[in-house]
1. Taking ALA44, is it touching a residue at least 40 places away in the same chain (Cβ under 8 Å) and in contact with a strand residue (DSSP E or B) (Cβ under 7 Å, 6 or more places away or on another chain)?
2. List every residue pair whose Cβ atoms sit under 9 Å apart, with the two residues 6 or more apart in sequence or on different chains, where the first one lies in region 18-36 and is part of a helix (DSSP H, G or I) and the second, anywhere, is exposed (fewer than 10 other Cβ atoms within 10 Å of the Cβ).
3. So how many residues does region 212-259 have that are of a type outside the set (Ser, Thr, Tyr) and in contact (Cβ under 8 Å) with a residue 12 or more places away in the chain?
4. Filter region 200-232 down to the residues that are hydrophobic (A, V, I, L, M, F, W, C) and open to solvent by 30 Å² or more (accessible area, probe 1.4 Å), then identify the one that is nearest to ARG115 (Cα to Cα).
5. Residue pairs, Cβ under 8 Å, 6 or more apart or interchain, first in region 126-138 and assigned by TED's automatic domain parsing to the domain that holds ASP230, second surrounded by 11 or more Cβ atoms within 10 Å (Cβ to Cβ) and of a type in the set (Ser, Thr, Tyr). List them.
6. ARG173 - would you say it is assigned by TED's automatic domain parsing to the domain that holds THR226, modelled with pLDDT of 95 or more and either within 16 Å of the ligand (Cβ to nearest atom) or open to solvent by less than 80 Å² (accessible area, probe 1.4 Å) (or both)?
7. Quick check on my filter: what residues within region 46-91 are surrounded by fewer than 18 Cβ atoms within 10 Å (Cβ to Cβ), within 9 Å of the ligand (Cβ to nearest atom) and not charged (D, E, K, R)?
8. I'm trying to understand the selection: among the residues of region 194-208, which are within 13 Å of the ligand (Cβ to nearest atom) and either in contact with a Ser or Thr (Cβ under 9 Å, 6 or more places away or on another chain) or within 17 Å of ALA90 (Cα to Cα) (or both)?
Amino acid sequence: MDNVMRSADESSERLIAWGEARNIETCFERGQKLKPCPIGAGGACCRICHVGPCRLIGQNAEEEAMGVCGASLPTVAARNFLRMAAAGTAAHSDHARDMAFTLLAVANGEVRDFRITDVKKLNRVAGILEVEFEGRPVNDVARDVATKLIEDFGRQRGALYFTRRAPAKTRERWERWGIMPRGIDREIAESLHRTNMGVDQDPDSLLMSALKVSLADGWGGSMISTDVTDILFGTPQPKKAEASFGIFKEDEVNLVVHGHEPSLAEML
Ligand code: SF4
């Protein structure tokens with residue numbers, strides 16, 4: 001493999017080189033070897049319904065190519081993009097759902113491995129959600145906070161609670177463009193519905209939906225997950241610690257837990 005920089009982290013570079021010297025294939029090597037799909041490189045493929053796959057390629061594909069249902073290349077590209085955004089929102093937000101249910105279980109005394117570490121953060125979030133916290137037992141506040149956060153997944157109308165943290169001008173713009181996210185699951189479901197065969201054919205409208213489902217992620221799933229993680233495990237502070245591959249010990253068994261599920265790491 002050519003001597004190209006694959007990571008900004010020097011120790012990662014050394015690890016990649018170590019693997020390559022031992023014929024351990026990495027994503028970097030596969031990325032160099034794989035040729036882009038010729039359909040995707042010059043057009044798009046639609047596999048949304050059983051009539052396809054439809055390949056929208058060729059000269060003037062952007063203006064002339066059409067799937068069997070009449071979808072144009074910009075429509076298919078926008079549909080594919082919206083489905084990617086919906087999948088990303090689903091992944092982040094399903095993690096957030098688990099975190100909110102973990103907070104509820106902690107508040108109800110159903111789990112022994114976790115506790116509420118950052119009461120100040122809990123109260124701050126309670127304030128945003130209009131949950132009374134002054135003089136109340138911490139677990140009661142946490143139960144109400146978790147219940148309200150769980151509501152954000154199934155809400156059918158209105159707006160996600162945390163969108164009220166956004167500046168008024170931004171909220172007004174989201175309302176005007178019709179992209180204020182209602183419920184997280186609702187925006188994901190609507191994205192899948194909208195991209196189905198024979199539904200939304202307008203690339204601009206599909207891309208606005210991509211913004212809406214992404215806002216459901218940013219101001220829903222991601223924000224809920226971050227706040228609940230802070231409440232349960234403590235808001236991160238700068239800390240001096242040993243990190244990276246230098247922490248491995250040659251005379252010890254080194255276990256590496258990969259992923260970003262903080263509740264698992266915290267239990268270990
Ligand atoms: S939705 Fe349209 S473009 Fe896509 S596979 Fe079906 S017929 Fe083809």
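1. Details: touching a residue at least 40 places away in the same chain (Cβ under 8 Å): no; in contact with a strand residue (DSSP E or B) (Cβ under 7 Å, 6 or more places away or on another chain): yes.
Answer is no for this residue.
2. Taking only residues 6 or more apart or on different chains, the pairs are PHE28/VAL4; GLN32/ASP2; GLN32/VAL4.
3. Here the count works out to 19.
4. First, the residues of region 200-232 that are hydrophobic (A, V, I, L, M, F, W, C): 206-208, 210-211, 213, 215-216, 219, 223-224, 228, 231-232.
Checking the rest, the ones that are also open to solvent by 30 Å² or more (accessible area, probe 1.4 Å) come to 207-208, 211, 219, 223.
On the way: LEU207: 41, MET208: 40, LEU211: 35, TRP219: 25, MET223: 20 Å.
Residue satisfying both the conditions and the ranking: MET223.
5. ILE128/TYR161; LEU129/TYR161
6. Numbers: assigned by TED's automatic domain parsing to the domain that holds THR226: yes; modelled with pLDDT of 95 or more: yes; either within 16 Å of the ligand (Cβ to nearest atom) or open to solvent by less than 80 Å² (accessible area, probe 1.4 Å) (or both): no.
No.
7. Selection gives CYS49, HIS50, VAL51, GLY52, PRO53, MET66, VAL68, CYS69, GLY70.
8. So in region 194-208, the residues within 13 Å of the ligand (Cβ to nearest atom) come out as 194-201, 206.
Matches in region 194-208: ARG194, THR195, ASP200, GLN201, LEU206.
The values are calculated or read from the model by the stated rules, or taken from the named source; none is laboratory data. Note that the structure is a prediction, hence the values are computed from the model and not measured. We place every Cβ from the backbone using ideal geometry, glycine too, and count neighbours over all the protein chains shown. With ligands, DNA and RNA removed, areas are computed over all heavy atoms of the protein, side chains included. Shrake-Rupley method; radii C 1.70, N 1.55, O 1.52, S 1.80 Å.
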